[in-house]
Amino acid sequence: MRTHHWAVLAGLALAVSQAVHAQDATIINARIAVGDGPVIANGYILVQSGHIVTVAPGRPAQTVGTVIDAAGLTAVPGFIDGHKHINTGPLEKQQMADLIEHGFTTVLSGGGPADGNLILAKHIDSGMINGPHVLASGRFNLHGTPEQAREAIRAMAAQGIKYTGEVAVTPVPTATPQELAVLRAAVDEGAKDGVQVQVHAVSTPAMVAATQAGVRHQVHLPNKDFMSYDDAALIADSGTHVLDLISFGDPLIDVFQNDDTPRFRTGLAWPESIAGANRDDKGRATGTEGAFTLINARRIWDATGGKGLGYGSDQSYPVRDVLEHELKSLMVMFSMQDVIRILTINTASFLGLQNDIGTLEPLKRADIVLVRGNPFEDFHDLLHTVLVLKDGKVVVDQRDRAVPADLGAAGAAAGNATLVGTLSAAVARPDQTPVLSCEQLGRMHLAQTRALSARDVAAGSFDVPASPAGDRLAGTLQLPALCAVTAQLRPGRGLNLQLQVSLPSSGWNGSLLVLGDGAAVAPQALNEPLHHGYAVATMDSGHAGARGRKARGTQAREGASDGALHAGVEQAKALVKDFYGATARYVYWIGADPEQLSALQAHAEDYDGVVVRDSDAQAATGAAPDLTGYAARGGKVIEYRGGSEAPASSNASVAAYESLIARSGGLSQAQRFYRLFILPIPRNADRYRADWLTAIDEWVQRDAAPDVVLAAHLPAPDAPKHPPQGLVFEPQFGVHTVCAYPDVARLQNGAGETPVDWMCLPGPRASQTAAAQSP
């Protein structure tokens, strides 16, 4: 009894403690940017005891704690500033309020003194002032001895400090031997004591030298030179993380001085006052620092696979002004998805906190920011913070400042779409590594499987050949090492299905792709999806595709074949889960034919996105399947077909799509989940190639509905090659704009081989033509 009594008291004490420091909450009707790519168009977040429990589309079955209706708002992970000079002092309350009110929930002090940093953190943690989580840093003297640096690192560790402030090495020509010797000692001691050493190098030679000395955290991009691919690869391969400060050398116009004069961040004239300005042979400041940071940001991003670039403001101006200027610069080189990653999970990784913060995922700390509107349409919306939750507790509430009309319009749009897939601890994350070996997977006993084999395949490459016109798609692309699985299934009486699944051993993007329509698929068709990190499955049910099946079979035969494909995708999902220890985040089907959409009617849960191919040789026999259930789950369909000389009124695909529009309640309703694209008419054996996988992936993951796709115009093999002219590198064969039906691409100018030559304009509707012809 006494043991139980103390357990109850302990539980009550824990509950009281959690109530003081954290809060349960339910956020509903929110657009949710998870942080590492996916966007849920309309979903909810459950928070308990200061941590995220569930992130999912739709509405929760039950709510917990405070219920926050986020209609018209976008939820993003709390912003993280990995390098900002802050400390205790008379202005700390205003400075911390400025940070938290603009969405920054974690900030690392960029410098000492350490005692002041610790006091500031204590003031926030005790509730004396409102502000972000403050991570303290300490100093050591780079110009002392290696042993003195070790002593300073040990002293920081004793205080509970896990980061050094920025350590400035000589950028030009490069770090000195003495500096590097002290750095090596500091890095070595830091590895022993758990203190992260951070370096300010700002030139490529100095960054490379610091990397070779063991430094893995650089607080600024190079602003003295352009970084080469090889140097970027060296830095990336070491596991180094870099903070951006991309707007370091960019002129500030009408930001702090309210005039139209370009200025450096000191407020003095640009570019003459740039610290350590690059100058020409006559001593004139060139302002090249702005260009260097832009290009180098992208160079680091690409070399690290989008993971090695985080956010560090390094400025003491008002937070909104600094963030706005940094966003303007970032948007030159990055998408909004990339920008959010830079502000959140990438900076969390810089700080070694990627398992605690940086994404809106289960088990992570509930640091959540709700911003007005949709930043994926206008990056300025990221500046309009409405609510901030820190550890699940609402610490900023500015809903009275939101614009009701703005929120209402956005909320109405957000409420009409959902995204398939619930994020939980069992759902795969990008780059999730296998938990089984290929050999172990081959020994698994799976239901309905007659035979199962698995073998390791080494990493390789494949060539994308150039066309006679010299198209830019040519090159050599890498293939990952993978586990190749073959399984013979008997999903039903008289059915035999051969399933092949290729599982990348590293770099898996968390998604499964099913290729083909149940017939054999050419091996080279797997190359590009594997290059982009998909697990890829193909299935051969022994028929020659939809047309062969239709020619031989009955409706029952077609239903049985669809059942075999369902069994195949279920088995592919099971293999993915066994190999990686987590279910695929998204499942796509590329290459289905229109008749096989009946599979979505029967098994709406099989796929998140489907790309349907049609051709003039195929008919749309009978009524199109009912996809209501699939659409309700948030599933998406893209259908494409080759061009035809026949008018739209007699085009079978268009007629079928028009019937779908009628059943869905209108064009806008149908286009929420199904879009039709008609490629241009081929002539003289030329062809068109579009990246349908990226289009469906962007639509499913980020709710980026495709109004337009770009199709590469490829000539026939024997077409004559013409020399490049002007701005168009392929004067005869280039890129063609393809519009979502009922819009059509109208040539506005030029030769029609660049996207800007075309404009999507309303075309004739088959329904309108039929109505006009009716008596």
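The values are calculated or read from the model by the stated rules, or taken from the named source; none is laboratory data. All of these numbers come straight from a predicted model, not from anything done at the bench. So basically every Cβ, Gly included, is an ideal-geometry build from the backbone, and we count neighbours across all protein chains shown. The area values use the complete protein model at the heavy-atom level, side chains included, leaving out ligands, DNA and RNA. Shrake-Rupley method; radii C 1.70, N 1.55, O 1.52, S 1.80 Å.
Here are a few things to note about the model shown:
- Filter result for A366 (hydrophobic (A, V, I, L, M, F, W, C), at pLDDT below 90 and open to solvent by less than 60 Å² (accessible area, probe 1.4 Å)): no
- Checking L407 against (1) at pLDDT 95 or above; (2) in contact with a strand residue (DSSP E or B) (Cβ under 9 Å, 6 or more places away or on another chain); (3) not acidic (D, E), the condition it does not meet: (1)
- Test: residue in segment 635-648 that is open to solvent by 20 Å² or more (accessible area, probe 1.4 Å), charged (D, E, K, R) and modelled with pLDDT under 90: yes
- Segment 453-504: number of residues that are under 22 Å from D697 (Cβ atoms), open to solvent by less than 40 Å² (accessible area, probe 1.4 Å) and at pLDDT 90 or above: 7
- Flag if T261 is open to solvent by less than 60 Å² (accessible area, probe 1.4 Å), more than 24 Å from the chain's Cα centre (by Cα) and not aliphatic (A, V, I, L, M): yes
- Residues of segment 744-757 include at least one that is part of a helix (DSSP H, G or I), open to solvent by 50 Å² or more (accessible area, probe 1.4 Å) and either modelled with pLDDT under 80 or over 23 Å from P529 (Cα atoms) (or both).
- There is at least one residue in segment 203-213 that is more than 30 Å from V396 (Cβ to Cβ) and surrounded by fewer than 16 Cβ atoms within 10 Å (Cβ to Cβ).
- Lone unmet requirement of (1) surrounded by fewer than 22 Cβ atoms within 10 Å (Cβ to Cβ); (2) without any contact (Cβ under 8 Å) to a residue 60 or more places away in the chain for H85: (2)
- Members of segment 155-166 found to be under 22 Å from H83 (Cα atoms), open to solvent by 10 Å² or more (accessible area, probe 1.4 Å) and not in a loop (DSSP other than H, G, I, E, B), listed by number: A155, A157, Y163, E166
- In segment 146-161, the residues that are closer than 12 Å to V187 by Cα form Cβ pairs under 7 Å with partners that are open to solvent by 50 Å² or more (accessible area, probe 1.4 Å) and assigned to a helix (DSSP H, G or I), at six or more places apart or across chains, as follows: I153/D193; R154/D193.
- P113 surrounded by fewer than 16 Cβ atoms within 10 Å (Cβ to Cβ) and either closer than 22 Å to R216 by Cα or in contact (Cβ under 8 Å) with a residue 24 or more places away in the chain (or both): no
- Any hit, segment 141-150, residues being open to solvent by less than 50 Å² (accessible area, probe 1.4 Å) and at pLDDT below 95: yes
- Residue pairs whose Cβ atoms lie under 7 Å apart, separated by 6 or more positions or on different chains, with the first residue in segment 570-582 and within 17 Å of D608 (Cα to Cα) and among the basic types (K, R) and the second modelled with pLDDT of 90 or more and in a loop (DSSP other than H, G, I, E, B), are K573/A584.
- Of all residues in segment 593-607, exactly one satisfies the criterion of being open to solvent by less than 10 Å² (accessible area, probe 1.4 Å) and in contact with a strand residue (DSSP E or B) (Cβ under 6 Å, 6 or more places away or on another chain), namely Y607.
- The single condition among (1) of a type in the set (S, T, Y); (2) over 27 Å from the mean Cα position of the chain (by Cα); (3) modelled with pLDDT of 85 or more that Y607 does not meet is (2).
- Any chance R31 is open to solvent by less than 60 Å² (accessible area, probe 1.4 Å) and either modelled with pLDDT under 55 or charged (D, E, K, R) (or both): yes
- Residue that is farthest from S313 (Cα to Cα), among those in segment 93-110 that are at pLDDT below 95 and open to solvent by 20 Å² or more (accessible area, probe 1.4 Å): K93
- Each residue in segment 570-592 was checked for being surrounded by fewer than 21 Cβ atoms within 10 Å (Cβ to Cβ) and either in a helix (DSSP H, G or I) or over 23 Å from the mean Cα position of the chain (by Cα) (or both), and 5 of them qualify.
- When the test is whether a residue is modelled with pLDDT of 85 or more, open to solvent by 50 Å² or more (accessible area, probe 1.4 Å) and small (G, A, S), S511 does not pass it.
- Against the criterion of being of a type outside the set (A, V, I, L, M) and either within 17 Å of L135 (Cβ to Cβ) or touching a residue at least 12 places away in the same chain (Cβ under 8 Å) (or both), T164 qualifies.
- Restricting segment 123-140 to residues that are in contact with a Ser or Thr (Cβ under 9 Å, 6 or more places away or on another chain) and surrounded by fewer than 19 Cβ atoms within 10 Å (Cβ to Cβ), the residue that is farthest from L245 (Cα to Cα): H123
- Exactly one residue among A275, A232, A236, A297 is at pLDDT below 85 and under 28 Å from L142 (Cα atoms), and that residue is A275.
- Segment 317-363, residues that are over 18 Å from the mean Cα position of the chain (by Cα), open to solvent by 40 Å² or more (accessible area, probe 1.4 Å) and among the hydroxyl-bearing types (S, T, Y): Y317
- Residues of segment 276-304 satisfying the condition of being more than 16 Å from S228 (Cβ to Cβ) and open to solvent by 60 Å² or more (accessible area, probe 1.4 Å): R279, D281, K282, R284, T286
- Only one of the numbered conditions (1) at pLDDT below 95; (2) crowded, with 22+ Cβ neighbours inside 10 Å; (3) farther than 30 Å from G65 by Cβ is not met by L309, and that is (1).
- Restricting segment 223-244 to residues that are open to solvent by less than 10 Å² (accessible area, probe 1.4 Å) and in contact with a strand residue (DSSP E or B) (Cβ under 9 Å, 6 or more places away or on another chain) leaves a set whose member that is farthest from A285 (Cα to Cα) is T240.
- Among residues of segment 366-386 that are farther than 13 Å from G72 by Cβ and part of a helix (DSSP H, G or I), those with a Cβ under 9 angstrom from a residue that is of a type in the set (S, T, N, Q) and open to solvent by less than 20 Å² (accessible area, probe 1.4 Å), sequence gap 6+ or separate chain, pair up as L382/T74.
- Number of positions in segment 167-185 that are loosely packed, with under 15 Cβ neighbours inside 10 Å and not aliphatic (A, V, I, L, M): 3
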